[in-house]
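This report refers to the structure that appears directly beneath it.
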Amino acid sequence: MAKYTDADCRLCRREGTKLFLKGDRCLSKKCAMERRPSIPGQHPNTRKKPSEYQTQLREKQKVKRAYGLLEKQFHAYYEEAERMRGKTGENMLSLLERRLDNVAYRMGLASSRAASRQLVNHGHICVNGKRVTIPSYLVKVNDVISVKENKTKKAPFVAVKETRVVVPKWLEFSTEKLTGKVIALPQRDDIDLNIEEHLIVELYSK
């Protein structure tokens, strides 16, 4: 399957905001947005005022890159959200938050969504006691997410036990047991990224 393989920090610079793609590095002085916040490329500060289309496109790219998706995957979430009741933009963000790789990231099992995706791919994460290796798996209310029992003594998970993890209110998580539970579906105010989802809906609605 195709995936982005270039520098992650370049994506943050292009979107002009931290997407937290590199975990702890994004919180340090080594973060590219701290050292060199300009848009990558030649003459980055001489570009004209963005058009309406460009503003919408950049918002879509920002969200797509934050969750580590390619265009086809991202558009599929929009189409599914459009078929659901309620506001399309909020439905789409809720679906993205419910991805298993994102849930593992929100629980603090990994420092970035990319690292969390790798945990899922390698079979370290279980849902309701069964190993799941599909990062796009959508969790449901009352699902129990845990680290596979024979993996809990690995260094990254031992480190998690020694940290204080703050999870969003739609999740519960025990650092001692490395087990969490989905207690509600994510709502719009649970998402901490600065997103204007209506711009994405306007872009795809054209």
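The numbers here are math on the coordinates, done by the rules we state, and not lab data. Given the structure is predicted, the values throughout are model-derived calculations rather than measurements. Cβ: placed from backbone, ideal geometry, glycine included. Neighbour counts: every protein chain shown.
Estimated from the Cβ-Cβ distance and a Förster radius of 25 angstrom, the FRET efficiency linking Val132 and Asn194 is about 0.25. Here's how it looks for Leu171: its modeled amide H is under 5 Å from those of Ile183, which are all 5 or more places away or on a different chain. When you restrict to C-alpha pairs under 8 Å that are six or more residues apart and normalise by the size of segment 100-182, the relative contact order lands at 29 percent. Around the Cα centre of segment 100-182, unit charges on the Cβ atoms of Lys, Arg, Asp and Glu (plus for the first two, minus for the last two) sum to a dipole of about 80 debye. Given axes a ≥ b ≥ c from the Cα gyration tensor, I'd like to know whether segment 100-182 is rounded (a/c under 1.5), prolate (a/b larger than b/c) or oblate. Rounded.
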